[in-house]
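Notes follow once the structure below has been shown.
Only the coordinates and a few stated rules stand behind these numbers; no lab work does. None of these values were measured; they are calculated from a predicted model. All Cβ positions, even for glycine, are placed from backbone atoms using ideal geometry, and neighbour counts span all protein chains on display.
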Amino acid sequence: MTDRWFVALDVDGTIMHEDESIDPRVVDAVSSAVARGHLVTLATGRSWSTTRPVLEHLELEPEYVVCANGAMTMRRDPASAEGWAQAHVETFDATPVLRQIREALPSGRFLVELADGYRLFTEGMTDWNLERARKVEFDEMLGQRAIRVVATSVDHELDEFFAIVDEMGLNHVSYAIGWTAWLDIAPDGVNKATALERVRGWLDVPLHRVLAVGDGRNDIEMFHWARAAGRAVAMGQAPDEVIAAARERAGTIDEAGLAAVLDSLP
């Protein structure tokens with residue numbers, strides 16, 4: 001198929017509602033896009049362990065999947081016992097950034113994701129899926145090579161959290177702030193865009209045939225990458241700065257906005 005598109009979809013707020021449900025219209029639109037020959041995959045901040053169930057719900061079997069905001073790319077591998085293998089992983093020393101954030105957020109809660117997908121977390125990370133994870137004291141996280149660090153605070157509103165993060169002046173890491181007061185940190189220079197560009201090269205799809213859809217601040221680099229020659233679409237409920245980074249705006253998640261975007265492909 002000469003006019004196939006490489007389609008990168010964010011998960012939370014784009015495909016999936018906060019209650020983890022997916023609108024049947026979105027499921028059908030994903031299935032239809034794949035049936036028409038398009039290369040549809042996920043590009044998410046989620047860990048692999050929480051991304052795979054989304055693939056299964058959508059009955060989606062892409063060649064590659066981008067997880068952990070670009071720090072981990074998984075490849076379909078029928079020879080593997082799980083059917084998947086790591087295609088590329090980026091890590092960094094979590095110690096300096098953990099200490100820096102702990103100093104600014106002494107009551108913060110932390111999670112570190114290791115290269116094999118296993119996670120270490122401190123007391124209070126109850127809102128996260130903690131399969132393949134172990135609760136530890138903060139000091140046990142130090143000295144680890146991580147693909148991702150998450151820091152949350154229940155003591156700050158989002159605007160106040162923004163100000164604290166700005167004052168930190170985080171260096172040598174890439175980071176994004178979520179809808180609530182949580183901070184997601186990746187290795188320096190690593191984001192969804194860097195991983196997707198690598199995958200695009202592996203798949204040999206021209207840049208003018210890429211479509212990226214998302215709704216969060218961690219999608220901004222992905223939008224800049226996609227809009228260079230292809231399509232970047234922000235969900236209707238996205239923050240203003242996220243919408244500004246995209247060239248198009250879809251309906252909201254409650255309107256199954258993604259379905260119409262996928263249906264617009266040939």
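Before moving on, here are some points about what is shown:
- GluC sites (Glu not before Pro) within the stretch 82-176, DSSP loop, no more than 13 other Cβ atoms inside 10 Å: Glu82, Glu123, Glu131, Glu137, Glu157
- Across the stretch 6-46, the relative contact order, built from alpha-carbon pairs under 8 Å that are at least six residues apart, equals 62 percent.
- Ranking of Phe138, Phe6 by count of other Cβ atoms within 10 Å, fewest first: Phe138, Phe6
- The stretch 189-266: GluC sites (Glu not before Pro) falling in loop per DSSP and having at most 12 other Cβ within 10 Å: none
- The distance linking the stretch 31-52 with the stretch 190-209 is 14 Å (Cα centroid to Cα centroid, whole angstrom).
- Anisotropy class of the stretch 89-152 from Cα gyration tensor, a/c 1.5 cut: oblate
- Around Leu203: net Lys/Arg minus Asp/Glu count, Cβ-Cβ under 15 Å: +1
- Here the peptides 67-75, 93-101 are ranked by packing, the mean other Cβ count within 10 Å, and the order with the highest first is 67-75, 93-101.
- Cα gyration tensor, the stretch 177-266 - rounded (a/c under 1.5), prolate or oblate: oblate
- For the chain, the relative contact order works out to 20 percent when only alpha carbon pairs closer than 8 Å and six or more residues apart are counted.
- Rounded if a/c under 1.5, otherwise prolate or oblate - the chain, Cα gyration tensor axes: prolate
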